[in-house]
Amino acid sequence: MLTNIDQIELTEFRRDLHRHPELSGEEVQTAARIVAALKPMSPTRILTGLGGHGVAAIFDSSKEGPTVLFRAELDALPIQERNDDIAWQSLTPGKSHVCGHDGHMTMLLGLGRMISRQPVARGRVVLMFQPAEEDGSGARAVVSDPAYQDIKADWAFAIHVKPGSPFGFVSTCAGLINCASLGLKIKLVGRTAHAANPEDGISPAQAVARLIPALDALGQGDGGPQNENFRLVTITHVNIGEPSFGVAPGEGEIYATLRTASDEGMASLEAAARHLARSVATEFGLAADFEICDNFAASVNDRDACRVATQAMDALNVPYGHTGVPMRASEDFGVFGWNARAAMLFLGPGEGHAALHNPDYDFPDDLIPIGCAIFERIARDILGSA
């Protein structure tokens, strides 16, 4: 169990992380803070630079057994925080931990304290502090890193805070837990002209006007992600030409987020969106170019891993259920499940708590011991205690 001193120290550490957010791919100082916090726990090894700035602490029993990985995220968001009533608000303009990742990291550190005091009987515990979750690139980079092969997980677990749920309530289910999503940039290229003679150019304006409702119609979100054919297209940004009254535009851009209940469904939806954009571009004499961003695979909970997690929560009297899952939102944790039995849990901070990615969000410190207890029970149920 965490002591009162543990909880005080972990709370202060979480708030210090909150003060110093770093964006995806920039998590140099965050990783250094994590390494410094891990060293007093004397893990068997600490790996750094995984998939960028990722950190992994390995607690090896030296006895044969599975590797159980617990993941948290290092990165923050490009959002200006609006929490003037807390002393630990972000000190970096335009960046903040309004994603809950500061709390997730702290729960892993609490787990590390407990494992260091009472080691597991067999196998290994890996605390994985993953970079670049918010843009969907971090988990793929970590599992593709040659160093990851030495600590490749047999089981993988993660907890993410989920505003809107009762305090301490965990939402989870076997099967799909987070949708696949992909950011598709569509660039339409024509030719500028004087605004007095637009016929001398090739404007993307009409093509953009046609594409916005047509892309939206490719997926209306009917039935939600419980439906295996769920598809949703959200137009997030549109730009045509330059801010000028004298020039008819020659280029346009549409940003569309595609969302599906499976990776196979995503391949089909992306192909349909590209075909549609090319067809409309050709109709209006334009070229069409594409760029993929924020590419998240579907996250699917393994049935056995979900059972282990729910049995742990039963033992701890932590309430749980299927409320609010599977989610439309995406999470790159699913990549760890490609070669491991994996499960994601969503922990509620209270129905009235600010939503994730809102400028007034702050992680509730009282969730730290709950998350730590769930993780520890899972670890000991699989690996035992020395």
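The table for this structure:
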| item | result |
| --- | --- |
| Residue ID - most open to solvent (accessible area, probe 1.4 Å), chosen from residues in the stretch 280-314 that are assigned to a strand (DSSP E or B) and in contact with a helix residue (DSSP H, G or I) (Cβ under 7 Å, 6 or more places away or on another chain) | Val300 |
| Residues within the stretch 75-86 that are in contact (Cβ under 8 Å) with a residue 60 or more places away in the chain and closer than 21 Å to Ala37 by Cβ, tallied | 1 |
| Qualifying residue in the stretch 185-192 (condition: at pLDDT 95 or above, assigned to a loop (DSSP other than H, G, I, E, B) and small (Gly, Ala, Ser)) | yes |
| All positions within the stretch 1-40 that are touching a strand residue (DSSP E or B) at 6+ places or on another chain (Cβ under 7 Å) and surrounded by 17 or more Cβ atoms within 10 Å (Cβ to Cβ) | Pro21, Ala31, Ile34, Leu38 |
| Set Gly337, Gly350: member being touching a residue at least 12 places away in the same chain (Cβ under 8 Å), open to solvent by less than 50 Å² (accessible area, probe 1.4 Å) and out of contact with any Asp or Glu (no Cβ under 9 Å at 6 or more places or on another chain) | Gly350 |
| Residues satisfying the stated conditions in the stretch 42-62, i.e. in a loop (DSSP other than H, G, I, E, B), open to solvent by less than 30 Å² (accessible area, probe 1.4 Å) and either under 21 Å from Ile378 (Cβ atoms) or modelled with pLDDT under 95 (or both) | Pro43, Ser61 |
| Per-region count, the stretch 80-115, residues open to solvent by 40 Å² or more (accessible area, probe 1.4 Å), closer than 27 Å to Ser330 by Cβ and of a type in the set (A, V, I, L, M, F, W, C) | 0 |
| Failed criterion for Pro21 (all others in (1) part of a loop (DSSP other than H, G, I, E, B); (2) more than 26 Å from the chain's Cα centre (by Cα); (3) touching a residue at least 40 places away in the same chain (Cβ under 8 Å) hold) | (2) |
| Flag for Ile382 being under 16 Å from Arg113 (Cβ atoms), in a helix (DSSP H, G or I), in contact (Cβ under 8 Å) with a residue 12 or more places away in the chain and among the aliphatic types (A, V, I, L, M) | no |
| In the stretch 219-242, residue farthest from Cys179 (Cα to Cα) [restricted to those that are open to solvent by 40 Å² or more (accessible area, probe 1.4 Å) and aliphatic (A, V, I, L, M)] | Ile240 |
| Checking Gly324 against (1) closer than 20 Å to Gly164 by Cβ; (2) touching a Lys or Arg at 6+ places or on another chain (Cβ under 8 Å); (3) buried (at least 22 other Cβ atoms within 10 Å of the Cβ), the condition it does not meet | (3) |
| Test: residue in the stretch 192-208 that is under 29 Å from Ser299 (Cβ atoms), in contact with a strand residue (DSSP E or B) (Cβ under 6 Å, 6 or more places away or on another chain) and either of a type in the set (A, V, I, L, M, F, W, C) or open to solvent by less than 50 Å² (accessible area, probe 1.4 Å) (or both) | no |
| Given (1) open to solvent by 30 Å² or more (accessible area, probe 1.4 Å); (2) modelled with pLDDT of 95 or more, index of the condition Ile254 fails | (1) |
| Scope the stretch 136-182; condition modelled with pLDDT of 95 or more and of a type in the set (Asp, Glu); matching residues | Asp145, Asp154 |
| Residue satisfying all of: in the stretch 209-218; small (Gly, Ala, Ser) and without any contact (Cβ under 8 Å) to a residue 40 or more places away in the chain; surrounded by the fewest Cβ atoms within 10 Å (Cβ to Cβ) among these | Ala217 |
| Pairs where the first residue, in the stretch 180-208, is in contact (Cβ under 8 Å) with a residue 60 or more places away in the chain and the second is assigned to a helix (DSSP H, G or I) and among the β-branched types (Val, Ile, Thr), C-beta under 6 Å, 6+ apart | Ala207/Val280 |
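Okay, residues lined up against (1) at pLDDT 95 or above; (2) under 19 Å from the mean Cα position of the chain (by Cα); (3) not in a helix (DSSP H, G or I):
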residue	(1), (2), (3)
Val318	yes, no, yes
Val325	yes, yes, yes
Ser330	yes, yes, yes
Leu345	yes, yes, yes
Glu351	no, no, yes
Ile370	yes, no, no
Arg377	yes, no, no
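A quick yes/no check of all residues on (1) closer than 24 Å to Glu133 by Cα; (2) among the acidic types (Asp, Glu):
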position	(1), (2)
Thr236	yes, no
Ala248	no, no
Tyr255	yes, no
Met266	yes, no
Phe290	yes, no
Asp302	yes, yes
Asn317	no, no
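The values are calculated or read from the model by the stated rules, or taken from the named source; none is laboratory data. Quick caveat: nothing in here was measured; it's all calculated off a predicted structure. Backbone-built Cβ (ideal geometry, glycine too); neighbour counts: all protein chains shown. All accessible areas refer to the heavy atoms of the entire protein, side chains included, with ligands and DNA or RNA removed. Shrake-Rupley method; radii C 1.70, N 1.55, O 1.52, S 1.80 Å.
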